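Student: This structure is in structure tokens; I'll ask about it shortly.
The values are calculated or read from the model by the stated rules, or taken from the named source; none is laboratory data. Being a predicted model, the structure only gives us computed values, none of them experimental. Here the Cβ positions follow ideal geometry from the backbone for every residue, glycine too, while neighbour counts run over all protein chains shown. The area values use the complete protein model at the heavy-atom level, side chains included, leaving out ligands, DNA and RNA. Shrake-Rupley method; radii C 1.70, N 1.55, O 1.52, S 1.80 Å.
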Protein chains: 2
Amino acid sequence: MSDLTPPATAVVDLLGMLAFGELVAFDRMAADARLAPDLRRRAVLSEMAAREITNYRRLSDRLAELGADTEDAMRPYVQAVSEYHQQTEPADWLEGLAKAYVGDGIADDFTREVAAVLAGPDQDLILDVLHDSRHADFAADELRAAIAADPKVANRLSMWARRLVGEGISQALRVAAERPSLAELLAIGGTDFQALLRRLTSAHTARMGAVGLNN
Amino acid sequence: MSDLTPPATAVVDLLGMLAFGELVAFDRMAADARLAPDLRRRAVLSEMAAREITNYRRLSDRLAELGADTEDAMRPYVQAVSEYHQQTEPADWLEGLAKAYVGDGIADDFTREVAAVLAGPDQDLILDVLHDSRHADFAADELRAAIAADPKVANRLSMWARRLVGEGISQALRVAAERPSLAELLAIGGTDFQALLRRLTSAHTARMGAVGLNN
């Protein structure tokens, strides 16, 4: 962790991005729950979606403590995040799960890296609102079972995951260009960007392999 | 409250109906949140949706305590509840709010009547999972403001509410015919059905009038 205190605007930018991410993740998981093959799975995904809103509330409360308006703090991310989701609408239950598994995995890894730069309460809050492992475990189990039942599924989902990553990167670059404060936040922490990208990529490859998908 | 203990199957039937109602209400409110005119309102509705899932979890836990499988207990209601929602898809934010206001109001009134027949823990649980008044207050405020801004909205929403009630009644009659245990539950409590219908109707009329809609 850096000795320098990150500027308040950068922290508000970061919390706003995470808050909007939670609001949209809620929306998407609630919609994906409808694709579930049975009521039990539908309920599991609905409960996971609801948890995103609990996290949204905590981030929004913290923004208020910092004197920021949540809606204002979220607004810069609406277009990029919404476009990402419009470009990656899952066609079925497995695509929805693969999207949550791949996308949340990368988002959580990135968030953990940024949190390391922050101090005390914000760091604790952000580490706390990461997706809990139950979510990834549920998605991984479902994906593994589907691939075991029909190995052709692995190819289709591997291609789908590549599309998700590609679309995610192009929207992330757009946000980075428009909100330099987030890049500055990492720079203050002395983050080596190339090393960061290598860590994110190798964690992503390991996650894909763990469920039988190729990167 | 009756001296007779309601049969366990009737209680399971009732909890199953409420559990599925919560799961679907979650889904619909999450979808309606996307129709919100701004991020603040979207977040408010998303948080309300998430609360339905907390209620679902409590009902599901109680079903497990009674030795029942939640999925089995919910299954009889899937078709009627899903058809009600398919027939009453809101076209915009105000129709979504009017649907929640009108539909949840009647559903809560009915649930309260049934709860009166039950004993101890089930009665407490059911009274506890009723929608809290914040929800109705939010919807009522939005509806009143929209009607004040454009009085023509009142006619459109009044007709919409009549469609909701008509569709709700036809699905409720279907469930009542297929699941006699629920009617028996009320009969055990000595409920006068005609008086019950009058109470539900007059509460509905009062709710409509409170936001400027005609029954």
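Student: Please specify each residue of segment B:104-121 satisfying the condition of being more than 15 Å from the chain's Cα centre (by Cα) and open to solvent by 20 Å² or more (accessible area, probe 1.4 Å). Give the steps one after another, and end with the answer.
Tutor: Going residue by residue through segment B:104-121, those that are more than 15 Å from the chain's Cα centre (by Cα) are B:116-121.
Listed by number, the residues that qualify are B:116, B:119, B:120, B:121.
Student: So which residues in segment A:153-179 are at pLDDT 90 or above, polar (S, T, N, Q) and open to solvent by 50 Å² or more (accessible area, probe 1.4 Å), if there are any at all?
Tutor: Within segment A:153-179, just A:155 meets the criteria.
Student: Since residue A:130 meets every condition but one in (1) surrounded by fewer than 19 Cβ atoms within 10 Å (Cβ to Cβ); (2) in a helix (DSSP H, G or I), which condition does it not meet?
Tutor: (2)
Student: Something else: If residue A:49 satisfies every condition in (1) in a loop (DSSP other than H, G, I, E, B); (2) surrounded by 24 or more Cβ atoms within 10 Å (Cβ to Cβ) but one, which is the exception?
Tutor: For residue A:49, the exception is condition (1).
Student: Can you tell me which condition residue B:71 does not meet? The list is (1) assigned to a helix (DSSP H, G or I); (2) open to solvent by less than 20 Å² (accessible area, probe 1.4 Å), and all the others hold.
Tutor: Residue B:71 satisfies every listed condition except (2).
Student: Go through (1) within 13 Å of chain A (Cβ to nearest Cβ); (2) of a type in the set (Gly, Ala, Ser); (3) within 19 Å of residue B:123 (Cβ to Cβ) one by one and return the number of the condition residue B:8 breaks.
Tutor: Result: residue B:8 fails condition (1) only.
Student: Among the listed residues A:94, A:18, identify the single one that is modelled with pLDDT of 95 or more and open to solvent by 20 Å² or more (accessible area, probe 1.4 Å).
Tutor: Details: A:18 fails: modelled with pLDDT of 95 or more.
Every option except A:94 fails the conditions.
Student: Across segment B:39-88, what is the total count of residues that are small (Gly, Ala, Ser) and facing chain A (nearest Cβ under 9 Å)? Show your work before the answer.
Tutor: Applying the first criterion (small (Gly, Ala, Ser)) to segment B:39-88 yields B:43, B:46, B:49-50, B:60, B:64, B:67-68, B:73, B:80, B:82.
Remaining after also requiring facing chain A (nearest Cβ under 9 Å): B:43, B:46, B:49-50, B:60.
Result for segment B:39-88: 5.
Student: Return yes when residue A:166 is in a helix (DSSP H, G or I), closer than 30 Å to residue A:144 by Cβ and not charged (D, E, K, R) and no when it is not.
Tutor: Working: in a helix (DSSP H, G or I): yes; closer than 30 Å to residue A:144 by Cβ: yes; not charged (D, E, K, R): yes.
The answer is yes for residue A:166.
Student: What pairs can you find where one residue is in segment A:22-38 and at the interface with chain B (Cβ under 10 Å from one of its Cβ atoms), the other is assigned to a helix (DSSP H, G or I) and among the acidic types (Asp, Glu), and their Cβ atoms are less than 7 Å apart, with a gap of 6+ or different chains?
Tutor: A:22/A:52; A:26/A:52; A:29/A:52; A:30/B:27; A:33/B:27; A:34/B:27; A:38/B:71
Student: Let me ask something else. Only one of A:213, A:182, A:186 is modelled with pLDDT of 80 or more and either open to solvent by less than 60 Å² (accessible area, probe 1.4 Å) or part of a helix (DSSP H, G or I) (or both). Can you tell me which?
Tutor: On the way: A:182 fails: modelled with pLDDT of 80 or more; A:186 fails: modelled with pLDDT of 80 or more.
Answer to the selection: A:213.
Student: Can I ask one more? Have a look at B:195, B:140 and point out the one that is open to solvent by less than 70 Å² (accessible area, probe 1.4 Å), in contact (Cβ under 8 Å) with a residue 40 or more places away in the chain and small (Gly, Ala, Ser).
Tutor: Values: B:195 fails: in contact (Cβ under 8 Å) with a residue 40 or more places away in the chain.
Of B:195, B:140, the one residue that is open to solvent by less than 70 Å² (accessible area, probe 1.4 Å), in contact (Cβ under 8 Å) with a residue 40 or more places away in the chain and small (Gly, Ala, Ser) is B:140.
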